[in-house]
Structure formats: C-alpha cells, structure tokens
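Structure incoming, see below.
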Amino acid sequence: MKVARCASLSRPSLLLVHCDLPAFAFHGSKSVSILSSSCMKRCRLVMSIHSSVAGRTRSSTSKSVSLSRGDKYKSERNEVNPSSFYTHPSLLELKNERIANRARVYDFLKGIGVVPDELDGLELPVTVEVMRERVDFLHKLGLTVEDINNYPLVLGCSVKKNMVPVLDFLGKLGVRKSTFTEFLRRYPQVLHASVLVDLQPVVNYLQGMDIKPNDIPRVLERYPEVLGFKLEGTMSTSVAYLVGIGVARREIGGVLTRYPEILGMRVGRVIKPFVEYLGSLGIPSLAVARLVEKRPHILGFGLNERVKPNIKLLLECNVRQKSLANVIAQYPEIMGIDLESKLLSKRSFLNSVVETSPEEFGKILEKMPQSVVLSDKAIVRHVEFLKECGFSVEQVRKMVVGCPQLLALNIDIMKLSFDFFKSAMGRPLDDLVGFPAYFTYGLESTVKPRRKMIAQKGIKCSLAWLLNCSDDKFEDRMNYDSIDLEEMEEDSSFHLDSLMKPRTQVSDIDDEYA
C-alpha cells in the first residue's frame, strides 16, 4: 500500500498535515514500507498534539461563555495599564487644581484692593502672572482700582484677544488716546466687543446718518455708549421720530454730531413726552423740530426733574401762560438750567438797580428770558451809560422794561447810535424812552438810510414807524401819501411764528469741536 499524503482535520480550527515522500521511495518496496511506517507515526503524533490543543481551546471557550457579565467587568477592571498612573489625572484632581488656581488669583486681586465677589463663574486666567498682566495693562490705560471695582468683569478680557484689537480699532478711527481713560470709565463693556460683529456695524450706521467721517471719533468720545446699541433698536426709532415731527433729513447728521445722546433716547419714554409737553404750552411740533435742529441738547433736559419745575417757576414770576411758548422759543435753555436761584437773585438785583416791580420783572422775562443769566456787572454798566445820557432812573426803568435787550448790547455801538440820534436826528430823549429798541437797529444799515429817505420826503414820524418794519415794508411806506398809524408794529420782540417759516437754506451748525 502506497501512502502519498496524510491529512488531519479538527475543530474548531483547520489543520492540514502534508507529508511528501522522497523520490527514491518509489524505487523499492522495502523502502516504501519503512517510510510508510515512519510517516504514519509522525501523522499520529501531530494529530494527538492538535487534539490536545483543540480540547483545551474548547474548554477555555466554554468557560468564558459561562462567565457572567459582572465577572467579565471585574476581570477587565483588574487589568490596569501602568502608564495611566502618570498621564491621565483624575477629574477630582483637575477640579481641585482649578479651585486652587482661582484661589491664588483671588488672593492676588484682594491684595491690590480689587473685590472679586462678582467674578464667580467668569473665566479668569489660570495663573497670577497672567492676571497681573491684565491689571497692569488697565493701569497703563489710566484706570484705577476703583474703576476696576466699578466694573470688575473687565478682568475677564484678554489683553491680546480683546483689549488690544478694540483699542487699535478706536485709534484708527481717530479717537484720541488722551480720551481712552474717560472713554473706558464710561463704557468699559466695549472691551468685550468684537470689532467686526459689534463695533464696525455701528460706525457704518453713523456714517449712514450723514455724520462726517472726521466727526465719528468726536461722536464716540462724547457718547461711547453708542457702540453698545443695536442698529434695529433705539437708534433707528429715535431718528425716525425726529424726522416724523419735521426735523429735516439733511439736518440729522449735524443734530447727531452735536448731541449723539439722542441715539440712546427711547421715543416713548423721553422724546415723545417732551415734544407733547411743549405742544401743551403752545409750541407746535414743527417749531419743536426747528429748536431741535438748532439746539438738540434740549432733548436731554429731564422733563419731570427740570423742565416742568422751571415752567412753574416762570409762572410764579408773573410770566403769562400765553407767553411761555415765546419765552421757550427765544431761550430754550431756560427749561434746563438751575432756574430758581437765578430768578430770585435777578429779580432782587433789578429791583435794587432800576426799581422794577415783580410784574415788570415778568415782562422783562417775556421779552428777554436770557436776562436771568446776565451778569450783574453788565447790567450796572448799561444802566450807568443810560444815566450818563441824561435819562432819569424812572426813564431807565421804562426803557429796560420796554426793551430789556438794552442790558446786553455793545456799549460802544450804543454810544454811536445815541450820538447820531442827538446830533443828526434832533429828537427829544422821550422818543428813546418811548422806543428804546432804537438801539437795537444797525446805525449804518438801517437808521441812517431810512432817516435820509424821510428827510428827503419831508416826512415826520415816530421812531417806531421809522424803524419797526422790514425793508420791503418801509419801501411801501415811502409811497404812501400819509402815515397810517395802524400799520405800526407795536412790539419788535421775538415771535414764535418765525420758527414756522420755510427755510431757504440749511441752518448754520456750530462746530462744537472746533
């Protein structure tokens, strides 16, 4: 029997035993039998070994299947990687380390006078060195420990990621470094802002409101809080309301440049109640719009804290209700100044100088509300000048009550006007007592030309008929055959209607920052 190969197969794995006989095995039967016997022994040995290994494998497999999940988990827990002892600290250790680091940072802050109570929950530097760097940087900007305590959250701002980019952006806009300290004291929250997301859109909006690029830094210096407003919020509604009551769209840029605080005023709480109250005093919305164009800061006068109490004081000083509108239109600041003390002192002083009564003081306020802020020295100089001209105290009193502007005119110009009146016009002093506003007209532009015209025509008239009219009206009067006294304007003082006239040009804007 010839054996060419022998194979053995066992479970669970496959084992193939291949025995090749040497070529000479086929040359003789004896050799074949010997080799066959030897090969068979080797095959049996291999099969025996493999059966033993397979048996152990099956035994091990059956044991592992019989293990419960709990035993398996316990077995896995017992297998510990030695490297974990030094590469992966526990969560508890990490937490304790963070607590220790924050405690050291808090101790540092307390040591320099900063109260860290509001910093709980805020992400802070891990090391004292980084926190010291932030505090030192804030000190270089001029902020004190008191400033930091007023807004301790500023300590959460990174120097490189927050502070430097924001300050660099403001500097490139033109905000002066000398104003950074006050800027940050008023609005330290700007250091949390994103230049691209928060700051640049606000600057674009301001430019869209016709604020000139050169004026943008001045606006930000005056009102840094504007950088924190949302474009679709208070800023847009306040501007829209002002345009709605009659503020010219082309004037908005100048209004916001001079008083950017308007952008932070709520329409329903501040602007609208203010406009409606002035309306109740007899000032139409359009007239209020003209006042806002010229003096936008009046919107910042507290309505209940200042405006209403001041109006009440004026009424108590014998200003008539019907005259309040003219008083405010002439001098809007009278609504916002500390009026009580000024009224009392000025009334007392005028009484001592020209013997005005309380009722006459009320008339003075109606015709010239600015008189409450005139200096006492200026009043004395003008009164003394009138006395030197030959007027009695009684006549001076009548002149001051009739035209309080006399107390604020340039005395040198008044002297020229009086000299012309006395030398060229040949009129009695009583004419000036009856029409003291003569001193308010330009000598070269009005008085001399008109006086020449009536002299040529041989017309005799009062000073009021001569001067108290426009140039066009006076030309018409020169064509009359007789003087119509009914055409004489009785009062040359300010009238509210002048605010309602159509504008022929853009109103002049005082450059507050020049």
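Given the criteria open to solvent by 60 Å² or more (accessible area, probe 1.4 Å) and more than 30 Å from Gly264 (Cα to Cα), does Ser341 qualify?
Spelling it out, Ser341 is indeed open to solvent by 60 Å² or more (accessible area, probe 1.4 Å) and more than 30 Å from Gly264 (Cα to Cα).
Same structure again: For the stretch 443-460, check the following and say yes or no: at least one residue is under 22 Å from Leu409 (Cβ atoms), out of contact with any strand residue (DSSP E or B) (no Cβ under 9 Å at 6 or more places or on another chain) and in a loop (DSSP other than H, G, I, E, B).
no
Which of the residues that make up the stretch 113-133 are open to solvent by 100 Å² or more (accessible area, probe 1.4 Å) and under 13 Å from Ile99 (Cα atoms)?
Within the stretch 113-133, Asp120, Glu123 meet the criteria.
List every residue pair whose Cβ atoms lie under 6 Å apart, where the two residues are 6 or more positions apart in sequence or sit on different chains, the first residue falls within the stretch 376-402 and is closer than 17 Å to Tyr438 by Cα, and the second residue, located anywhere, is open to solvent by 10 Å² or more (accessible area, probe 1.4 Å) and basic (Lys, Arg).
Hits for this filter: Val401/Lys363.
Of all the residues that make up the stretch 439-484, how many are loosely packed, with under 12 Cβ neighbours inside 10 Å and closer than 28 Å to Val383 by Cβ?
Qualifying residue count for the region: 3.
Applying the selection to the stretch 360-375, what residues are free of Cβ contacts under 8 Å to residues at least 40 places away in the same chain and open to solvent by less than 50 Å² (accessible area, probe 1.4 Å)?
Ser371, Val372, Leu374
Same structure again: Yes or no: Ala424 in contact (Cβ under 8 Å) with a residue 24 or more places away in the chain and either open to solvent by 50 Å² or more (accessible area, probe 1.4 Å) or touching a Cys at 6+ places or on another chain (Cβ under 6 Å) (or both)?
So Ala424 does not fit the description; no.
Then there's this: Cβ-Cβ below 8 Å, separation at least six or inter-chain, first residue in the stretch 233-248 and closer than 11 Å to Val267 by Cβ, second among the basic types (Lys, Arg) and assigned to a helix (DSSP H, G or I): which pairs?
Tyr241/Lys272
Would you check which residues across the stretch 170-186 are within 13 Å of Glu225 (Cα to Cα) and either surrounded by 14 or more Cβ atoms within 10 Å (Cβ to Cβ) or of a type in the set (Lys, Arg) (or both) and list them?
The answer is Phe183, Leu184, Arg185, Arg186.
On to the next question. Test Pro82 against the stated conditions and say whether it is surrounded by 10 or more Cβ atoms within 10 Å (Cβ to Cβ), assigned to a loop (DSSP other than H, G, I, E, B), over 32 Å from the mean Cα position of the chain (by Cα) and at pLDDT below 85.
no
Another question, then. How many of the residues in the stretch 285-297 are in contact with a helix residue (DSSP H, G or I) (Cβ under 7 Å, 6 or more places away or on another chain) and either outside any helix (DSSP H, G or I) or open to solvent by 50 Å² or more (accessible area, probe 1.4 Å) (or both)?
So the answer is 3.
Restricted to the stretch 358-403, and to residues that are in a helix (DSSP H, G or I) and among the polar types (S, T, N, Q), which residue is nearest to the chain's Cα centre (by Cα)?
By that ranking, first place goes to Gln370.
Now for a separate question. Against the definition (among the polar types (S, T, N, Q), free of Cβ contacts under 8 Å to residues at least 60 places away in the same chain, open to solvent by 40 Å² or more (accessible area, probe 1.4 Å) and in a helix (DSSP H, G or I)), how does Asn304 come out, yes or no?
yes
Conditions tested, residue by residue: (1) at pLDDT below 95; (2) within 30 Å of His297 (Cα to Cα).
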{"site": "Glu129", "(1), (2)": "yes, no"}
{"site": "Gly156", "(1), (2)": "yes, no"}
{"site": "Gly171", "(1), (2)": "no, yes"}
{"site": "Ala193", "(1), (2)": "yes, yes"}
{"site": "Gly208", "(1), (2)": "yes, yes"}
{"site": "Gly228", "(1), (2)": "yes, yes"}
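Follow-up question, since we're still on this one. Do any helices (runs of 4 or more DSSP H) entirely within the stretch 101-192 hold 2 or more residues that are closer than 20 Å to Arg222 by Cβ, and if so, which?
Helices (runs of 4 or more DSSP H) meeting the threshold: 164-173, 180-186.
The values are calculated or read from the model by the stated rules, or taken from the named source; none is laboratory data. Keep in mind it's a predicted model, so treat the numbers as computed, not measured. Don't worry about glycine lacking a Cβ; one is built from the backbone with ideal geometry, like all the others, and counts go over all protein chains shown. Only protein heavy atoms, including side chains, enter the accessible area calculation; ligands, DNA and RNA are left aside. Shrake-Rupley method; radii C 1.70, N 1.55, O 1.52, S 1.80 Å.
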